[in-house]
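Accompanying notes for the structure given below.
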Amino acid sequence: MIISRLRQLLTTPIDEVGDRSKRSTSILLWLSLSLGFALYYGSLGLQKAFRAEYVVQDDAREYVFWMQQFVDPTLFPHDLIADYFKSITPPGYAAIYHLMANLGIQPLLLSKILPIVIGVVTTLYGFRVCLKLFPIPMTGFIAMLLLNQSLWFRDDLSSATPRAFVYPLFLAFLYYLLHHIRLGVMITIVLQALIYPPLVLITIAVLFLRLWNWDHWHLHRERIPDFVFAAGLGFLALLPYAFLSAEFNPIVTKAEALTMPELYPGGRHPYFDPNLWRFWLTGQHSGILPPLLPPLIWVGLGLPIVAQNLSRFPLIKRLNREVVVLAQTALASLGLFLAAHALLLKLFFPTRYTTHTWRIVLAIAAAIVLTVLLDAVLLKCEELARADRWKPLFWRLTLTGLIGALLILFPSFSPSFPATNYRISGEGALYQFLHKQPQDSLVATLSDEANSIPTFARRSVLIGKEYALPFHLGYYRQIRQRSIELIQAQYSPDLALVQQLIEKYGIDFWLLDRTAFTPEYLLNKSWLQSFQPAFNEASTRLQQGKISALSSRVNECVAFESQSLTLLKATCITQRKTQVRLPE
């Protein structure tokens, strides 16, 4: 019977396949399909990454720009922003880029290639983890399909930042843990600490929970030495990052954070929200509900229910007892989520402890549930076929086919898939001009181009939205002071303020948007509203139509201009004389 053979093909546990070659063929087939989709989604991301000359992922700008020092150590001399981001970049993550730079691969190029590599490694480890928990190859395929889709519905993977490495590192940990490979567990713990420090806390918490027998609630004393060694190793591996990031301490305290507009809606990093529903459930940095797509991934919540209905879902009996590691992961993540809320910024944002690991847990759990449901449906279809009940058989098979189609085709219904968050700039001429200037050149600007100049032009900026992270006060106090002074100078009727700012910071160029002196300009830059009273004073002057001293010098100090930008030569402003336009 066709239905019986289909059920045998799709849901037969691998250890029930007597022929070793057939077993290997089945595993290889489903693994190849899993890798095929991972490569396909990754190739879609690559298309976006290389669709123009000046393209960079939004969050990658914070990490990639300073790592160009691996290619040219003379870049960004005495640059506060570069020094800060260098200090908060995990050393293991930086080492990857440093190694590749030594092999001739530029950091910006590597940031575009890494996502597809990370996706493949994630799929390899994830498939093997699924096979250990539930020995049905199709389950591994479904889990990795859901996980890869979910990854590309967000920009975590495409960012190629440390958080992108959560998935291969945590799945590698689970693989070695479930296969009792101690050396593998220890190596992954060290790598987690060196590449994405928050992850090692989750891993240690999982190992702690595994000290207890969840069925009889007694302590596994034989596991204590391994746990102590793993925890000690993890914390030792965290020390390099702790020392590096301490350069710009202190970290913002809870009392200070509550007074900072930067951490409220409209600020640079919104965390607090007056709406408690949003704050605790859906907040970008504070909410417990991860914004996970595709919808079928949420089927994983039904695993505890399915596991208790052996009579209706007979295939669930093949579930490995080690599946408890999924619950342990979810619980460990929840505990650290609450701890991060309680300690506020000491463990960084709470969502870092749930979004990534819960995505993994739900994908695997959903795959198990869908496999078990499919097996139950096919069993019922066999009964209906034997009883010649074709109508209910037809509808069951149709519904099953629709769910299968939804599983595979859902991303094609989303015009934003894959969600890479790559940023394209059309200001190539500006970058080329700046790149020809001395390497210690400093650009002052309120323009959004400040976010891209360090990456594309390899020149320093005084401030920029992407670089205004309000966490380490040793750094942010300086950025805040610079921002206030820049706003005051740009919109002051007194040219002396402009000249004083240029001399104080050694500014070489002042970049202006064409609309910089219109009333709407500042209102559209909500992140600048944190810098009071300079923002309100400047906004009031613009609305009153008062002329800025700097605006009166634009025409005579132009060094470069494009359709939307004007670059002024700072020496022209300070010398109070007409400056001829520099060649491009």
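General remarks:
- Of the listed requirements (1) more than 30 Å from residue 438 (Cα to Cα); (2) modelled with pLDDT of 90 or more, residue 515 misses just one: (1).
- Evaluation of residue 136 against (1) in contact with a Lys or Arg (Cβ under 6 Å, 6 or more places away or on another chain); (2) farther than 19 Å from residue 38 by Cα; (3) surrounded by 20 or more Cβ atoms within 10 Å (Cβ to Cβ) (one fails), failing number: (1)
- Odd one out for residue 391, checked against (1) outside any loop (DSSP other than H, G, I, E, B); (2) without any contact (Cβ under 8 Å) to a residue 24 or more places away in the chain; (3) under 23 Å from the mean Cα position of the chain (by Cα): (3)
- Residue 105 falls short of the stated requirement of being among the hydrophobic types (A, V, I, L, M, F, W, C), in a helix (DSSP H, G or I) and over 16 Å from residue 245 (Cα atoms).
- Taking (1) modelled with pLDDT under 95; (2) closer than 29 Å to residue 77 by Cα in turn, residue 484 satisfies each apart from (1).
- Region 11-27, subset in contact with a Pro (Cβ under 9 Å, 6 or more places away or on another chain) and among the aliphatic types (A, V, I, L, M), residue nearest to residue 372 (Cα to Cα): 14
Each row is one residue, and each column tells you yes or no for (1) modelled with pLDDT of 90 or more; (2) surrounded by 13 or more Cβ atoms within 10 Å (Cβ to Cβ); (3) not in a helix (DSSP H, G or I).
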site	(1), (2), (3)
306	yes, yes, no
317	yes, no, no
336	yes, yes, no
348	no, yes, yes
358	yes, yes, no
370	yes, yes, no
380	no, yes, no
384	no, yes, no
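- Checked against (1) over 37 Å from the mean Cα position of the chain (by Cα); (2) farther than 30 Å from residue 271 by Cβ; (3) surrounded by fewer than 17 Cβ atoms within 10 Å (Cβ to Cβ); (4) at pLDDT 90 or above, residue 555 meets all criteria but (4).
- Filtered by the rule that a residue be of a type in the set (A, V, I, L, M), farther than 19 Å from residue 464 by Cα and surrounded by 18 or more Cβ atoms within 10 Å (Cβ to Cβ), region 503-552 gives 542, 549, 550.
- Elements of type helices (runs of 4 or more DSSP H) in region 173-272, at least 1 residues being closer than 21 Å to residue 335 by Cβ and assigned by TED's automatic domain parsing to the domain that holds residue 124: 182-195, 197-209, 224-245
- Top-ranked residue in region 26-62 [being in a helix (DSSP H, G or I) and among the charged types (D, E, K, R); ranked as surrounded by the fewest Cβ atoms within 10 Å (Cβ to Cβ)]: 48
The values are calculated or read from the model by the stated rules, or taken from the named source; none is laboratory data. None of these values were measured; they are calculated from a predicted model. Every residue, glycine among them, receives a Cβ derived from its backbone with ideal geometry; neighbour counts consider all protein chains shown.
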